[in-house]
Every structure is written in C-alpha cells, then in structure tokens.
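The values are calculated or read from the model by the stated rules, or taken from the named source; none is laboratory data. Quantities reported herein were computed from a predicted structural model and do not represent experimental measurements. Reconstructed Cβ throughout: ideal geometry from the backbone, glycine too, with neighbour counts over all protein chains shown. For the accessible areas, the whole protein counts, side chains as well, though only heavy atoms, and no ligand, DNA or RNA atoms are used. Shrake-Rupley method; radii C 1.70, N 1.55, O 1.52, S 1.80 Å.
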Amino acid sequence: MWLLLAALLVQTLSWGLGVWHHPEWVGDNPKLDRLAKVFIFIAVAWWLGGSTRNTLLVWSLALLGYLMASFTHGNGLQEWSAGLQGQRVGFGIRNLQHGSMLFGVALLGLVVFTTRFGRVGRHWVPWRLAISLVLICVCLVGIAIGQTRAVWLALILALLAAGVLWLGWTLTYSRGNAAHLVRPVVLAVGGLLVVFIALAAAFQGTLTERLSHESSVVAEVAQGEFDSVPYTSIGIRIHSWRAALEWIAERPLVGWGSEGRGLVMDHTPWLPADVKERFGHLHNYLLEVWVAYGLLGVLVIAALAAWIGRGTWLAWRGGVMPNDVALFGAAFFVYWMVVNQFESYNSFGTGVYVHNLVVGGLVTHIWRWRRETGQRVFPSLARKVTP
C-alpha cells in the first residue's frame, strides 16, 4: 500500500511539473491508472485469502480459459491451421506478440506444476500425466507458430533458471544422497530434449527463418553502427530506444508525464514519418516508465519487485508457500523481465492481466506468512515508518 501511494504521488508530481514545463504536451489530468493498474494484485491477493488451493484453482482456470480462447478467438481453428503451414499468427489477441506471450506463461505453469497434477501421493496417474503432456505440446506449438523471438529467449532463460533452482534445492535437501536424483533428472531432461527436437524438426523452416532473418541487423548493432540499422522489427526497437534515451537525458528524475512514450515517437525529429504513424510506444516497459515518470517511477517499480521477491523467499522459507509455487514465481520473474524489454506488456491489458493474476497468487502467500509469523518483509524499513 505504501508503494501504491508512492506510485500515485510520483505520477502526480510528474504531471504537475509537466504542466509547468511543457503544458502543451500534458493532459488535463495525471492519468494515475498508468502505474496504479499494476497494483490490482492487491485485490486479487485479498480475494484468494492466503489459500494455495484457491491460487492454483484460479491459475488453472486462467490456463484452461486461454487455451480454449485460442481455438475460438480470432479465426479459431483456421488460425492454428495457418500457423502450422508457416504463417505467423496471434490468435486475435491485440497483436502477434501477445498471444505468444500468454502461451509462454501457460507453458511455464504446466512445466512447473505437472508433478503436482500428475501424481496422487507418490504415484503417477497415467491419464493425468497424459493430459499435462498434451497441454504442454499445445503450448509449444502455439509458441512456435507465434514466432515471437523474445518469448523464445525468455522461455529458455526462465526454464534454465527454474532447472538450476530445482536442482540446487534438491541437492541441498537430499542430505548427501543424490543417487535417487539420477533417474528423474535423466527422464526430465530426456523428455524435454525429445519434445524440443520433434518441435524443431516440425518447424525447422519457420524457426530458421525467424532466427536468421535479422542477423545482419544484430551484427550492425553489435558493431555500434546504429545509424545504419534499418527500420526492421529489431531496428525499430533499437531506434526507438535511442530516441527514448535522448528524452530521458533531458528529464531523468521526473520524466515527461503519462504521455512520455507518445512524445518520444511523435516528436523525435529523426524518426521516419511512417514509424511515427505505426507505433506509439517504445517496445520496452522499463524505458516507458523512465520516460514518463523518471527515475522516481523506475524506483517504485524496482521496489515493488524487490518486495515481492524477498516476500516470496521468506514465505517459501517459512513453509507457507509450496515449493512449486515459489519455483513458478521465480521462473515467471525471469520470463517477465525479459519479454518486457522487447514489448511493453505491462502497458497493455494482456500484460496487466497476467501480472496481477500471478503476483496476486504470490502476494496472498506473503500476507499469510506475515499473519502467521507477525514479521514484515523489510522489518527495518517498517520500524522507520511506523510511529
């Protein structure tokens, strides 16, 4: 709640100073929803009531709802058919990237929670495992035909992070007896390799084309030749980020107000007219917050991430948050950090929906830990602000 108040104050301050400095570019109100909407998880966490069962139920309904929507929204089955033939599809969700992003979150959840769903006690239930594997395959195909490279990169990093954390936890709590880990690790790695090899073989042409399509652009960026970067998919991002940095340098602390990202795209003189007409955002959430609300806005978002991260750790260590919920939270954090550097998902309804649903499930466990232990996430800071 303190961070929500800080977000409201930062937005009001940025707007007020904008009215004084550049009134022609500032709206008639500060549009406090721009940062406040990422705090909707407060209501979600309260509604879940600290229950793991409620959290998993809501997450499962969200997963099934999205999978069903992918077959009915947009062009439905025709879109799946077009994707299987090599066409890039977005399932009728805002643009081509957002559908792929949602499939990525779904895949992370399925991978992490398959053990919970597929077993009853210590025994695997074949039909449950089969359902989970089918859903994983559907998500993998959806991610492949979505052809969003940032999602591919984010998934690789998130799954690697989850694997390292799981292996580290297992080795730590195996009390030196690691022999029993060999079989599950081999089966898990082998199964993933088989799935990825099959997927790569089925979509070899699509994957190769997407990964190599702008290799020359990446090479120019690596060499620092930014002026010669063409306005391709990656090139537009590079140029808009450069423009954003120029605007940030002028007002680094408080930013340009809620319309900052639009100002960058509309009033940067060296951006081509067709780019200005097609795009009104920066494809990078961090830069959008910084342009709009300066370093103060970035610090609010960073503090929120730190509070959630430390709270998740404490709730897990205190036995309130289950292992798989904490693991999913960590994997989601890596995934979300990466994808939001290439598309401003948290600035759109789809990203706000995912953010608040996942974070709400984590925070409800943090609140439960606080209630049961009487402790705070940052106790020293709490003592300073409490009379």
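Counting only protein heavy atoms and using a 1.4 Å probe, the accessible area of T350 comes to about 30 Å². Accessible area of F378 (1.4 Å probe, protein heavy atoms only, ligands and nucleic acids ignored): about 70 Å².
Between N95 and E24, what length comes free when the chain is fully extended (0.36 nm per residue of separation minus the Cα-Cα distance, one decimal in nm)? Walk me through the numbers on the way to the answer.
Details: separation 71, 0.36 × 71 = 25.56 nm, distance 3.10 nm.
The span from N95 to E24 would gain 22.5 nm if fully extended.
If you average the C-alpha positions of the range 131-146 and of the range 264-319 separately, how far apart do those two centres end up, in angstrom? The range 131-146 and the range 264-319 have Cα centres spaced 29 Å from each other.
For the chain, the carbon plus sulfur part of the accessible surface works out to 67%, probe radius 1.4 Å.
Remark on R119: its backbone amide H falls under 5 Å from those of V125, a criterion applied only to residues 5 or more positions apart or on other chains, H modelled at 1.01 Å from N.
Rounded to the nearest 500, what is the 222 nm mean residue ellipticity of the chain from helices alone, with -39500 (n - 2.57) per DSSP H run of 4+ residues and division by all residues? Don't jump to the answer; show the numbers that get you there.
On the way: 18 runs with 282 residues, N = 387.
Value at 222 nm, helices only, nearest 500: -24000 deg cm²/dmol.
Largest accessible area first, the residues L32, L110 order themselves as L32, L110 under a 1.4 Å probe with ligands, DNA and RNA left out.
Tell me the per residue accessible area of the chain using a 1.4 Å probe; a whole number in Å² is fine.
Details: 19840 Å² over 387 residues.
That works out to 51 Å² for each residue.
Could you work out the longest stretch of the chain that avoids the trypsin sites (Lys or Arg not before Pro) located in DSSP loops with at most 11 other Cβ atoms within 10 Å? My reading of the result: 176-387 is the longest stretch.
What are the GluC sites (Glu not before Pro) within the range 225-273 that DSSP puts in a loop, where the Cβ has at most 11 other Cβ atoms within 10 Å?
E225
Computed from backbone phi with θ = phi - 60° and the Karplus coefficients 6.51, -1.76 and 1.60, the 3J(HN,Hα) list for the range 62-74 is 5, 4, 5, x, 5, 4, 5, 5, 5, 9, 10, 7, x Hz; x is used for glycine and proline.
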